[in-house]
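Q: Submitted below is the structure of interest, expressed as structure tokens.
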Amino acid sequence: MKLVKDDFIKAFSLYEEKALMHRRFKHADIIPLLGNIGSSGRFEVVEIGKSTEERLIFRLQYGHGPIKILLWSQMHGDEPTATMALFDLFNFFNGKDDGFDAYRDDIASKVTLYFIPMLNPDGTERFQRRTAMDVDMNRDARATATVEGALLKAQAMLLKPDFAFNLHNQNNYYNIPGTNMPVTISLLAPAYDYARSINETRGDAMRVIVGINKVLQEFVPKAVARYDDEHTPRGFGDNFQKWGARTILIESGAYVGDTEKMLVRKCNFVALLKAFEEIADQSFKQYSVTDYDTIPFNDEKLHDVLLRNLTIEQHGSQIVVDIAIRQIEKTIGSDYYMEGIVEDIGDLQDFYGYQDLDVSGLKFIPAKKYDNILLIEQLDHNLIQDLLHKGIATVHIKDDEAAGKLHQFPINIVSREGFLSEGLPELGSMANFFIGTDENIKYAIINGYVLDLRVSDCNPNYKNRIY
Ligand SMILES: [Zn+2]
């Protein structure tokens with residue numbers, strides 16, 4: 001059975017796992033789901049080991065065909081998108097009487113699927129890339145110093161998969177070359193040597209990728225790229241390819257407005273269902289490796305904010321520069337806040353911003369701090385707008401206990417002396433300043449967020465912390 005676009009849309013809407021709808025889910029959230037999946041009888045769910053902090057790691061098996069496919073997700077704890085898609089797939093394969101039984105039977109008879117979701121549960125707990133030992137598991141394929149990396153390698157040796165899928169997230173700043181389009185999915189058949197040679201194994205992985213790219217173009221046209229193909233001798237993908245598994249890296253990227261990456265998740269679901277189909281019926285063989293070469297490489301020229309042609313006055317003279325800002329997500333407990341950092345200053349004509357603003361003719365105005373000490377209860381929309389119009393970016397509140405707490409006010413809040421950056425823009429410093437003319441302030445840049453003061457907007461989605 002060949003799935004077409006409407007089938008994917010229907011399947012995803014039926015089987016999207018509704019218990020995983022934000023990206024900071026934890027190991028404890030997937031345990032009950034795994035119990036349910038196992039109880040259907042169609043999946044064999046086995047414990048293959050424990051993480052450093054003794055969280056259980058599971059392998060799920062579906063089907064009994066001769067072609068073995070091994071997939072693993074989230075070896076980097078802060079890269080959860082594919083894990084969500086794997087749970088969508090588990091639900092799909094547990095479904096019936098929905099028009100997809102022929103597909104399921106086909107896959108089950110020709111292929112055996114092995115899934116290891118959330119290989120780094122300790123990192124996931126902290127929403128960090130590395131393991132509890134602070135090792136990057138994707139640089140541990142050779143040494144296998146981490147228990148989790150050793151587990152994955154042992155599974156590779158035990159199962160000897162014909163195909164392997166290494167599922168990750170890449171950062172939001174990759175773009176399609178020459179455009180401001182973020183890369184939604186990037187793909188790679190990792191190189192098994194420095195010469196980036198193409199043997200039968202890697203060639204087949206490239207052919208599978210051509211098929212994946214083809215179907216993804218129907219969902220996210222022109223937003224698919226290739227990941228950097230430099231050989232990484234310590235990386236798992238590179239080693240799986242060397243061990244003879246046709247290995248495919250899928251990197252979940254970004255889509256404008258898709259903070260929790262639900263569309264990107266759907267793309268993983270579609271890509272994997274299509275890949276299973278083309279592996280099962282060998283139709284991936286129809287593609288050529290030259291088609292793989294037509295997929296553009298990731299470029300990395302996006303920023304969260306790009307301010308173009310900003311005039312800065314310094315020592316009586318004027319310069320005109322572009323300023324790039326990136327908002328770094330910082331974990332605090334089970335939540336997070338943003339730190340808006342000046343990432344680059346200068347001629348950034350060839351770069352792009354998710355928010356891209358030409359401020360020609362306007363000048364940089366340093367931020368000021370409010371003289372009065374307030375109670376947090378005194379802060380409201382009107383007062384903040386008033387302060388911002390006066391060029392005040394920071395208020396001091398009287399509350400010694402408040403530091404570290406999160407808030408959604410569009411102004412910086414400090415609970416003790418010491419203030420946030422107030423001078424000229426400086427690389428790596430927090431982006432707090434104003435833009436306007438001698439008469440009027442037009443924009444406030446508060447912790448990297450851009451507020452257009454002419455429209456008095458009050459976006460409730462700010463993720464700020466009290467300093
Ligand atoms: Zn990764």
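Computed from the coordinates by the stated procedures, all read-outs in this text should not be read as laboratory data. Since this is a predicted model, take the numbers as computed values, not measurements. For neighbour counting, all protein chains shown are included, and Cβ atoms are generated from backbone atoms with ideal geometry for every residue, glycine included.
Q: Starting from segment 87-124, pick out the trypsin sites (Lys or Arg not before Pro) whose DSSP state is loop and whose Cβ has at most 15 other Cβ atoms within 10 Å.
A: LYS96
Q: Next question, about the same structure. At 0.36 nm per residue, minus the direct Cα-Cα distance, what do MET1 and LEU374 gain on full extension? Give it in nm, one decimal, please. Provide the component values of the computation, followed by the final result.
A: On the way: separation 373, 0.36 × 373 = 134.28 nm, distance 6.65 nm.
Taking 0.36 nm per residue and subtracting the Cα distance, the gain is 127.6 nm.
Q: What do you get for Rg/Rh over segment 304-412 if you use C-alpha atoms and the Kirkwood form of Rh? Please report the intermediate quantities before stating the final value.
A: Values: Rg = 16.6 Å, Rh = 16.3 Å.
So for segment 304-412, dividing Rg by the Kirkwood Rh gives 1.02.
Q: What aspartates and glutamates sit close enough to LYS405 to cross-link, taking a C-alpha to C-alpha distance under 13 Å and skipping anything fewer than 8 places away on the same chain?
A: ASP335
Q: May I pose another question? Enter the per residue convex hull volume of segment 92-145, computed from alpha-carbon coordinates, in Å³ rounded to the nearest integer.
A: Normalising the Cα hull of segment 92-145 by residue number yields 119 Å³.
Q: A further question on this structure: Can you list the residues, at least 5 places off or on another chain, whose amide H is less than 5 Å from the amide H of PHE165, using H built in the peptide plane?
A: LEU70, LEU71, TRP72, ILE248
Q: I'd like to compare 170-176, 116-122, 237-243: which one has the highest average count of other Cβ atoms within 10 Å, and what's the full order after that?
A: The packing order, highest mean first, is 116-122, 237-243, 170-176.
Q: OK, next. Over segment 261-336, what is the mean sequence separation of C-alpha contacts under 8 Å (at least six apart), divided by residue count, expressed as relative contact order in percent?
A: Rounded, it is 18 percent for segment 261-336.
Q: Sticking with this structure for a sec: Which aspartates and glutamates have a Cα less than 13 Å from the Cα of LYS50, not counting those fewer than 8 places away in the same chain?
A: Counting by Cα, and skipping residues close in sequence, LYS50 has these aspartates and glutamates nearby: ASP122, GLU148.
Q: Still on this model: Strictly greater than 28 Å: what percent of every Cα pair in the chain meets that? Mind showing how you got there, number by number?
A: On the way: 61194 of 108811 pairs.
Above the 28 Å cut-off, the chain has 56 percent of its Cα pairs.
Q: Projecting each Cα onto the charge dipole of the chain (Lys/Arg +1, Asp/Glu -1 at the beta carbon, about the Cα centre), which of THR83, PHE219, LEU263 comes out farthest on the positive side?
A: THR83
Q: Right, another one. With +1 on each Lys and Arg Cβ and -1 on each Asp and Glu Cβ, how big is the dipole of segment 1-87 about its Cα centre, in debye rounded to the nearest 20?
A: That gives segment 1-87 a dipole magnitude of about 180 debye.
Q: Further question: Based on the alpha carbon coordinates of segment 226-294, what radius of gyration and maximum Cα-Cα distance (Dmax) apply, in Å?
A: 14.4, 39
Q: How do 334-344, 155-165 rank on mean C-beta neighbours within 10 Å, highest first?
A: Ranked by mean Cβ neighbours within 10 Å, highest first: 155-165, 334-344.
Q: Tell me, HIS76, HIS231, HIS315, HIS22 in order of fewest to most beta-carbon neighbours within 10 Å?
A: Least to most surrounded, the residues fall as HIS315, HIS22, HIS231, HIS76.
Q: Checking the cross-link filter: which aspartates and glutamates have an alpha carbon closer than 17 Å to that of LYS363, excluding same-chain neighbours under 8 positions apart?
A: Qualifying aspartates and glutamates at Cα under 17 Å: GLU313, ASP322, ASP347, GLU422, GLU426, ASP438, GLU439, ASP452.
Q: Among the listed pairs LYS18/LYS214; LYS10/LYS214; LYS10/LYS242; LYS96/LYS266; LYS301/LYS463, give every one whose C-alpha distance is greater than 30 Å. Mind dumping the intermediate values first?
A: On the way: LYS18/LYS214 28 Å; LYS10/LYS214 19 Å; LYS10/LYS242 37 Å; LYS96/LYS266 20 Å; LYS301/LYS463 24 Å.
Violating the 30 Å limit, Cα to Cα: LYS10/LYS242.
Q: Quote to one decimal, in nm, the extra length available between VAL320 and ASP400 on full extension: 0.36 nm per residue of separation minus the C-alpha distance between them.
A: Working: separation 80, 0.36 × 80 = 28.80 nm, distance 4.09 nm.
Roughly 24.7 nm would be gained on extension.
Q: Sticking with this one: Calculate the dipole size of the chain relative to its Cα centre from +1 charges on Lys and Arg beta carbons and -1 charges on Asp and Glu beta carbons; express the result in debye to the nearest 20. Please report the intermediate quantities before stating the final value.
A: Working: 51 positive and 68 negative charges, 228 e Å.
So the magnitude is around 1100 debye.
Q: Count the DSSP beta bridges whose two residues both fall in segment 303-465, then state the antiparallel fraction as a percent rounded to the nearest 5.
A: 70 percent
Q: Considering only DSSP beta bridges where both residues belong to the chain, give the percentage that are antiparallel (nearest 5).
A: Antiparallel bridges make up about 55 percent of those DSSP assigns within the chain.
Q: I've got another one for you. Order these by the 10 Å Cβ neighbour count, fewest first: THR83, THR201.
A: By the 10 Å Cβ count, ascending: THR201, THR83.
Q: Per residue of the chain, what 222 nm ellipticity follows from adding -39500 (n - 2.57) for every DSSP H run with n ≥ 4, rounded to the nearest 500?
A: -8000 deg cm²/dmol, from helical runs alone.
Q: Continuing with the same structure: Give me the one-decimal nm value for the distance between modelled label points at VAL45 and ARG416, 7 Å along each residue's Cα-to-Cβ direction.
A: Result: 4.6 nm between the two label points.
Q: Which residues in segment 344-375 place their backbone N less than 19 Å from a point set 7 Å from the Cα of LYS390 along the Cα-to-Cβ direction?
A: In segment 344-375, the label zone of LYS390 (backbone N under 19 Å from the point 7 Å along Cα→Cβ) covers 365-375.
Q: Here's something else I'd like to know. Averaging sequence separations of C-alpha pairs under 8 Å and six or more residues apart, then dividing by the length of the chain, give the relative contact order as a whole percent.
A: Relative contact order for the chain comes out at 12 percent.
Q: Rank these for me by crowding, ARG416, ARG23, going from fewest to most other beta carbons within 10 Å. It would help to have the intermediate numbers written out before the result.
A: Details: ARG416 13, ARG23 20.
The order, fewest Cβ neighbours first, is ARG416, ARG23.
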